[in-house]
Amino acid sequence: MKTLIVLFIISFGLKAETIPLPASVSGVDEIVSEFRTLLVTKITDLGKNYISTLGNNTIIFTSSAAVNCNGSINQIGERLGSLLYDTKQSAGELSERVVYTGCDSSISLIEDVVTRGRDLLPLPFSDIIKGKRTLELKDNETYRYYKFSNVEGDEIFSVVMEKKETSKQVNYFYLGQKFLSVNFDYQPDSTRAVFTYYGYSGKYVRKHSTWTTRNEFTTFSNTIIAKKNQFVIYLGDAGNAISLSTFMNTFNSTIIDRPAATLGYIFDYHTYYFPKTESTKTGNQSQRFIDELRVAQNRLLTNTEINLVKNLLKDFINAAELGQIIDNRPKAN
Amino acid sequence: MKGLCLSIFFLIFIMGLSSKACAENLLVSDSVFAARYPNFQNYQSLSLQGLQNYFYALISKSVVIQGPSHSIVLLYQNDKGETLLTINAKIERIRTENTLTERVLYVLPDSTIFDYSLKQSVAESAKLQIEESNDVDLLTMNFTNTKYDYELLVMPFQTRFIKSHEGNFEKALINFGFMDISIAIETKFLDNEASREYIYFYAGMPNPQTSIKVTVLDDESPMHNLNYIHTSSGSVMSPSLFFKGLQDGAQIFSDFSMISLVLIKGKGFPAIKGIN
């Protein structure tokens, strides 16, 4: 028993003292948000543009006027879209499913999440509606499988995460093919993350659209070593030291500009299952606002920390939606 | 020159508004300034923004080799990963009982040195151990986490930023030595009154010292209405002029930020696309 307690304390200690990777390095939530945001924005905008009716873990969108959706006219009160949340729970495992349905009751996308751990709780439905979901494993979670598929059950994207005492493995898949794995090794005074990039090819066919991808190359890795009170070390495939900028350029050109971008196009296609929506554009002038925009501009110009720019823009959108940023600009012609 | 003097004059205004409240229990606190002048928050940051961005990009685009005793080698690389320039850096720390001085030296290949130092201090009675700044923050001139009284000295630009407080009195000074400009901001908090005075000195001005002051008075009514009084060298001025002064003066900080990027290139640091 004593040994167990000691082991628990050691493992707890390791977790508590995990050295974080630099904020500029994308984690699972940043990568997934590259394309999931399109769907979340669509659902949020549906709530702003149409009548929402909440049911038991369901939200249905209807209109008080006839709406043209994908070429057919939906009459007043007819269902324009819906979101259904379903959960199943067994010992140490929680399965969640969100079904996104568009006009004519056509299923747009299905989002599945399987989580293992202890004291697991389904997300509140209010968070589901807002698209709030954190994929990064929490302290009480050891495993997560996250998948997006279409109505035929074809897997579009998935990520599998598994955490052990001092390690974590995250594998990303596009059309069932692995394109990235990130292996973390946590030590009390350091965190090592190995990003391994895989080539892939695939074809995704839908009505009116086809995405053909041939992104074949020899598997290679880049490594990040973050040590307490020291500069972060970035290593290339041959173990040579590289700069943060080179690391980020490789990540962006191999992941963000390729599979994540393709997934963005695919998700954009799937949002067309829903009726047209309009969003409010806002902006404001204040010193803090300008300062943050300037920093973001520099980050873009120097091609560093692109994900921080994205996070900033997301913050601005949230602030604008909460009325914290007001647009006083003259109307564009 | 006249324009510059005017800008300098108004600069003073702006600076003071960055100070923090020192008196929590008073009816009039720092929030009265923040609420009234939300656009002017941290003029030290505004002044150093260019250099912060520059050094951050420099480090991001470099392979960083950490040596012993806080010595660092930056191998500045192009997008192909080829090293274009090697820059040595060193962080020195000197601690006394109540102070901590952290000095950063960048040494360029031609032995040119670019250095700056941050001296933080606490009152003897405080008996606090001043925490060391993070190395990355020091190298990127990010001093936003500085908690104590401090003096930041950028030697090659003869520029100083000082901030100190004593009880309900707070003083900030920015001295752009190479432009012969000094701006002092003094903030006082009394029971029902707060004031912030901007005092500037510019060597070429006929009247080298001018002050502009904003005083906030709580009328002590149950509603605690606040009255704002704006004065310039003792004479009341209209709020619109005061606000115009604040707006115009803000330009100086941005100007310094931009000038510093030209100067840093002149010291032999590489030009970084998108920054300088």
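Any read-out appearing in this document is the output of simple, stated calculations on the displayed coordinates, not a laboratory observation. In this text the structure is predicted, and so the values were computed from the model without any measurement. So basically every Cβ, Gly included, is an ideal-geometry build from the backbone, and we count neighbours across all protein chains shown.
At a Förster distance of 30 Å, what's the computed FRET efficiency of B:Asp191 paired with B:Ala126, Cβ-Cβ distance as r, to 0.05? Here the calculated transfer efficiency is 0.75. Adding -39500 (n - 2.57) for every DSSP H run of four residues or longer, then dividing by how many residues chain A holds, sets the calculated 222 nm ellipticity at -9000 deg cm²/dmol. For segment A:175-299, a simple Cβ point-charge model (Lys and Arg +1, Asp and Glu -1, everything else neutral) yields a dipole of about 300 debye relative to the Cα centre. Comparing A:Val160, A:Ile110, A:Tyr100 along the charge dipole axis of segment A:75-167, the residue lying farthest to the positive side is A:Val160, per the Cβ-charge model. When A:Lys207, B:Lys61, A:Lys147 are sorted by how many other C-beta atoms sit within 10 angstrom of their C-beta, beginning with the fewest, the order is A:Lys207, A:Lys147, B:Lys61. Summing charges over all other residues whose Cβ lies under 15 Å from the Cβ of B:Leu85, with Lys and Arg as +1 and Asp and Glu as -1, gives +2.
Here B:Ser164 and A:Lys132 are evaluated by their C-beta separation; at R0 = 41 Å the FRET efficiency comes out at 0.35. Taking 0.36 nm per residue of sequence separation and removing the Cα-Cα distance, the A:Trp211/A:Asn56 pair yields an extension gain of 52.2 nm. In this rough spin-label picture, where each label sits 7 Å from Cα along the Cβ direction, the A:Ile76-A:Ser167 distance is 6.4 nm.
Please compute, for peptide B:58-70, the average count of beta-carbon atoms on other protein chains lying within 10 Å of each residue's beta-carbon. Walk me through the intermediate numbers first.
Details: counts 2, 5, 13, 7, 6, 12, 8, 3, 5, 0, 0, 0, 0.
Per residue, the average neighbour count from other chains is 5.
Taking Cα centre as origin and charging only the Cβ of basic (Lys, Arg, +1) and acidic (Asp, Glu, -1) residues, the dipole magnitude of segment A:91-146 rounds to 80 debye. Take the Cβ atoms of A:Asn150 and B:His224, set R0 to 56 Å, and the FRET efficiency comes out at 0.35. Note on B:Lys171: aspartates and glutamates with a C-alpha under 12 Å away, same-chain residues under 8 apart excluded, are B:Asp149, B:Glu151, B:Glu186, B:Glu197. Here segment B:58-203 is treated with +1 on each Lys and Arg Cβ and -1 on each Asp and Glu Cβ, and its dipole about the Cα centre works out to around 260 debye.
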